[in-house]
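The values are calculated or read from the model by the stated rules, or taken from the named source; none is laboratory data. Keep in mind that this is a model prediction, so the values were computed, not measured. FYI the Cβ positions are ideal-geometry reconstructions off the backbone, even for glycines, and counts take in every protein chain you see. To get the accessible areas, we keep the full protein, side chains included, count just its heavy atoms, and leave off ligands, DNA and RNA. Shrake-Rupley method; radii C 1.70, N 1.55, O 1.52, S 1.80 Å.
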Amino acid sequence: MPLEAVEARRLYRQIADQLRGLIERGEYAVGAKLPTERDLAEQLKVSRPTVREALIALEVEGLVRIRVGSGIYVSEPAAHALPSHLAGMIEGPFELLRAREFIEAAIAEQAARVATSDDIARIDASLEAMATVQHPGEASMIHDRAFHIAVSGCLDNAVLVRVVGELFDQRLNPYFAKLAHYFENPQSWGAALAEHQAIRDAIAAHDPDAARAAMREHLARSQARFAQSFGTETGPMSRVSSGNG
């Protein structure tokens with residue numbers, strides 16, 4: 001018999017699929033409160049960021065609504081929601097940030113070795129622009145992107161510049177945008193700006209180890225900001241099995 005290639009599903013998609021199945025079977029009716037992130041993570045034996053990616057996926061699909069400080073509730077399915085088969089093609093926010101942490105830390109390390117005065121000037125220009133805009137907003141994303149492109153541009157490699165740009169542009173996908181809606185604000189922007197400055201200073205000082213560490217710190221802190229509590233630690237007992245985890 002003919003065989004087809006098998007693609008392993010991302011872990012957060014498996015969790016989202018299991019929760020969707022419970023909702024569709026009526027285990028959780030419209031308006032019902034789901035277990036907290038902590039409860040789900042403990043029962044499924046996965047990290048809370050993985051659970052969060054699953055919940056964000058279900059919110060984008062219109063199946064749940066996250067109310068900060070209250071809980072996660074089953075929603076009436078919305079006609080305009082993203083279909084689950086399309087949602088399954090999107091990378092999760094934490095998956096993207098981990099990839100960026102790995103790739104861009106190596107790029108920053110090499111940038112510190114080879115950056116010219118012109119490269120530093122381009123990095124400085126993006127930082128100055130970042131300091132003049134409000135966040136969240138389109139302008140802040142443009143200048144944030146320009147900073148990471150400027151760092152990768154130090155290596156004079158068009159492929160790496162394109163990869164960094166394409167990874168950054170995933171911030172525009174529905175999952176990332178939904179998560180940013182909850183946690184990005186002027187305070188988080190101020191923290192990110194200081195982290196960018198540390199990256200710039202290490203590159204300008206031609207200190208590869210410090211540049212690598214500063215980029216990793218920035219993207220790790222980005223993950224931590226997105227992993228803050230929704231303030232929903234009190235919830236019902238979970239009905240989710242750990243069998244699919």
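Applying the selection to region 34-62, what residues are in a loop (DSSP other than H, G, I, E, B) and open to solvent by less than 40 Å² (accessible area, probe 1.4 Å)? Spell out how you get there, then give the answer.
If we filter region 34-62 for residues that are in a loop (DSSP other than H, G, I, E, B), which is where we start, we get 34-36, 45-47, 61-62.
Of everything in region 34-62, those that are in a loop (DSSP other than H, G, I, E, B) and open to solvent by less than 40 Å² (accessible area, probe 1.4 Å) turn out to be LEU34, PRO35, THR36, VAL46, GLU61, GLY62.
Checking PRO136 against (1) open to solvent by 20 Å² or more (accessible area, probe 1.4 Å); (2) under 24 Å from SER229 (Cα atoms); (3) touching a residue at least 60 places away in the same chain (Cβ under 8 Å), which single condition isn't satisfied?
(3)
Could you tell me which of the residues GLY153, GLY190 is over 15 Å from the mean Cα position of the chain (by Cα) and surrounded by fewer than 17 Cβ atoms within 10 Å (Cβ to Cβ)?
Numbers: GLY153 fails: surrounded by fewer than 17 Cβ atoms within 10 Å (Cβ to Cβ).
Testing whether each residue is over 15 Å from the mean Cα position of the chain (by Cα) and surrounded by fewer than 17 Cβ atoms within 10 Å (Cβ to Cβ) leaves just GLY190.
For THR116, indicate whether it is more than 24 Å from ASN157 (Cβ to Cβ), open to solvent by 60 Å² or more (accessible area, probe 1.4 Å), among the polar types (S, T, N, Q) and at pLDDT 90 or above.
Numbers: more than 24 Å from ASN157 (Cβ to Cβ): no; open to solvent by 60 Å² or more (accessible area, probe 1.4 Å): yes; among the polar types (S, T, N, Q): yes; at pLDDT 90 or above: yes.
In short, no.
Do you know which of the residues in region 6-62 that are among the β-branched types (Val, Ile, Thr) and under 19 Å from the mean Cα position of the chain (by Cα) is farthest from LYS178 (Cα to Cα)? Quick ask: steps written out before the conclusion?
First, pick out the residues of region 6-62 that are among the β-branched types (Val, Ile, Thr): 6, 15, 23, 30, 36, 46, 50-51, 56, 60.
Keeping just the survivors that are under 19 Å from the mean Cα position of the chain (by Cα) gives 15, 46, 50-51, 56, 60.
Numbers: ILE15: 18, VAL46: 21, THR50: 15, VAL51: 15, ILE56: 7, VAL60: 7 Å.
Across region 6-62, the extreme among qualifying residues is VAL46.
List pairs: first in region 186-205 and assigned to a helix (DSSP H, G or I) and of a type in the set (Ser, Thr, Tyr), second surrounded by 14 or more Cβ atoms within 10 Å (Cβ to Cβ) and modelled with pLDDT under 95, Cβ under 7 Å, 6+ apart or cross-chain?
SER188/ARG225
Scanning region 74-99 for residues that are modelled with pLDDT of 70 or more, in a helix (DSSP H, G or I) and open to solvent by 40 Å² or more (accessible area, probe 1.4 Å), which turns out nearest to VAL64 (Cα to Cα)?
GLU95
Kindly indicate whether ARG221 is farther than 25 Å from THR116 by Cβ and either open to solvent by 60 Å² or more (accessible area, probe 1.4 Å) or at pLDDT 95 or above (or both). Spell out how you get there, then give the answer.
Details: farther than 25 Å from THR116 by Cβ: yes; either open to solvent by 60 Å² or more (accessible area, probe 1.4 Å) or at pLDDT 95 or above (or both): yes.
Spelling it out, ARG221 is indeed farther than 25 Å from THR116 by Cβ and either open to solvent by 60 Å² or more (accessible area, probe 1.4 Å) or at pLDDT 95 or above (or both).
Test each condition in (1) more than 19 Å from the chain's Cα centre (by Cα); (2) at pLDDT 90 or above; (3) surrounded by fewer than 18 Cβ atoms within 10 Å (Cβ to Cβ) for ARG65 and report the one that comes out false.
Here ARG65 clears every test but (1).
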